[in-house]
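**Q** Here's a structure for you.
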Amino acid sequence: MRPDLRVALLGTGIMGEAMGRRLLAANFDLLVWNRTQARARAVQGARIATTLDAAVDEADIVITMLSDAEATEAVMLGRNGALRAMKGDATWLQMATIGPRGTEVLAKEAERHGIRFVDAPVLGSRPQAEAGELVVLAAGEPATIERCRPLLDTLARRTIELGTPGQAAALKLAVNAWLVNSVHALAESIALARALGLDPEDFLGAIAGGPLDMAFAQWKGRAMIAGEHAPAFPLKHALKDALLAQAAHLDRGLEPRALDAAIFRLGEAAEAGLADADLSALFEVVRKDRNA
Ligand code: NAP
């Protein structure tokens, strides 16, 4: 156990669970809380807090890894929120993808409560979280980021330090716009290869290892071809991120045509009951040979 740093993890969904396991394996003093308590038990060996107050009141670092800005506000702010129960010298490490606007609101609230805040969204999915191979984008006071260093070094192969809170969330949006557009393009190329009477594996083989390749395309492409969409990055969260990125484009007078098309398709997939499936399930609304 590392008694020097008591950590509370709020949210043990796909990412929180994997991060919790990783922190436990590194001997952090970890207390987890999840709205649906049964799901917190998936972090085997972790102590489970039954109330938010009990989760955070002795924590040196509180990590939030909840769905979106609304969920994070619901858990942290307000009369019964966790923020008012945190110790004065504690740090809030906000790691979910909530966009720059949502982040700025939370950072202000943290400041009002005298709590240090780091805007720290992550790149990578469940396998990377389990292996400590995430990339963290961290914006906040350098000294505050430094306090989180043991945690960041356990969860991530690299931490990229940015400026003030909101800037890491902004960079995360640019990255996820790229990710969503790439997966949409990938789905269309696999559907096209199939429609042309080709084996879509040959498409992945043709780009493999060359300048057109992308590890993510090989991973998600194989899932599309196999029709296996067990969630690592739920489609509903990709849609949330795409909408946040679309709003950011429009705010600045940009016209995100590719993202508009991807959002349309993600919406179709969500309506078809695929919101909780992996983002790779986008392929199911792109292909037209579903009954073939
Ligand atoms: P997830 O599996 O859907 O988990 C969502 C978590 O949020 C659960 O703990 C859920 O609690 C909680 N939650 C949702 N609404 C809530 C509310 N109103 N009040 C309290 N708790 C609430 O999501 P995830 O994949 O772990 O993603 C978490 C965040 O990381 C998201 O912002 C996502 O975009 C981002 N992210 C995900 C990935 C990925 O590959 N999965 C990668 C990078 C970043 P319950 O269990 O009670 O529903």
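The values are calculated or read from the model by the stated rules, or taken from the named source; none is laboratory data. Predicted model, so just to flag it, every value in this text is computed and none were measured. We place every Cβ from the backbone using ideal geometry, glycine too, and count neighbours over all the protein chains shown.
Table: residues versus (1) assigned to a strand (DSSP E or B); (2) among the basic types (K, R).
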{"site": "G20", "(1), (2)": "no, no"}
{"site": "L31", "(1), (2)": "yes, no"}
{"site": "G45", "(1), (2)": "no, no"}
{"site": "A54", "(1), (2)": "no, no"}
{"site": "L66", "(1), (2)": "no, no"}
{"site": "R79", "(1), (2)": "no, yes"}
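**Q** Just checking, how many residues over the stretch 121-135 are within 11 Å of the ligand (Cβ to nearest atom), in contact with a strand residue (DSSP E or B) (Cβ under 7 Å, 6 or more places away or on another chain) and not in a strand (DSSP E or B)?
**A** Total satisfying the criteria: 3.
**Q** Let me ask something additional. Quick one: count up the residues across the stretch 68-77 that are part of a loop (DSSP other than H, G, I, E, B) and of a type in the set (A, V, I, L, M, F, W, C).
**A** Total meeting the criteria: 1.
**Q** What helices (runs of 4 or more DSSP H), lying completely within the stretch 191-268, carry at least 2 residues that are more than 20 Å from G124 (Cα to Cα) and in contact with a Pro (Cβ under 8 Å, 6 or more places away or on another chain)?
**A** The helices (runs of 4 or more DSSP H) meeting that bar are 235-251.
**Q** Please verify whether the stretch 254-276 includes one or more residues that are surrounded by 21 or more Cβ atoms within 10 Å (Cβ to Cβ), within 16 Å of the ligand (Cβ to nearest atom) and of a type in the set (D, E, K, R).
**A** no
**Q** Continuing with this model, one more query. For A46, all conditions in the list (1) farther than 23 Å from P234 by Cα; (2) within 16 Å of the ligand (Cβ to nearest atom); (3) buried (at least 23 other Cβ atoms within 10 Å of the Cβ) hold save one; what is the number of the exception?
**A** Single failed check for A46: (3).
**Q** If you don't mind, another one. Out of the residues in the stretch 65-86 meeting the condition of being more than 9 Å from the ligand (Cβ to nearest atom) and more than 16 Å from K108 (Cα to Cα), tell me which one is surrounded by the fewest Cβ atoms within 10 Å (Cβ to Cβ).
**A** Selected residue: R79.
**Q** How about the stretch 61-102: which of its residues are hydrophobic (A, V, I, L, M, F, W, C) and over 15 Å from the mean Cα position of the chain (by Cα)?
**A** Of everything in the stretch 61-102, those that are hydrophobic (A, V, I, L, M, F, W, C) and over 15 Å from the mean Cα position of the chain (by Cα) turn out to be I61, V62, A74, V75, M76, L77, A82, L83, A85, M86, A90, W92.
**Q** Any idea how many residues of the stretch 33-43 are in a helix (DSSP H, G or I), surrounded by fewer than 19 Cβ atoms within 10 Å (Cβ to Cβ) and under 18 Å from the mean Cα position of the chain (by Cα)?
**A** Selection size over the stretch 33-43: 1.
**Q** Every residue in the stretch 61-88 that is at pLDDT 95 or above and among the basic types (K, R), please.
**A** R84, K87 - these are the residues of the stretch 61-88 that are at pLDDT 95 or above and among the basic types (K, R).
**Q** Then there's this: In this structure, is D57 under 24 Å from G163 (Cβ atoms) and either of a type in the set (A, V, I, L, M, F, W, C) or more than 11 Å from the ligand (Cβ to nearest atom) (or both)?
**A** Judged against the criteria, D57 is not a match.
**Q** Next question. If you scan the stretch 87-118, which residues turn out to be part of a loop (DSSP other than H, G, I, E, B) and more than 15 Å from the ligand (Cβ to nearest atom)?
**A** Scanning the stretch 87-118 gives K87, G88, D89, A90, H113, G114, I115.
**Q** Output the number of the condition that T154 fails; it satisfies all remaining conditions of (1) in contact (Cβ under 8 Å) with a residue 60 or more places away in the chain; (2) closer than 18 Å to V32 by Cα; (3) within 13 Å of the ligand (Cβ to nearest atom); (4) surrounded by fewer than 21 Cβ atoms within 10 Å (Cβ to Cβ).
**A** Every condition holds for T154 apart from (3).
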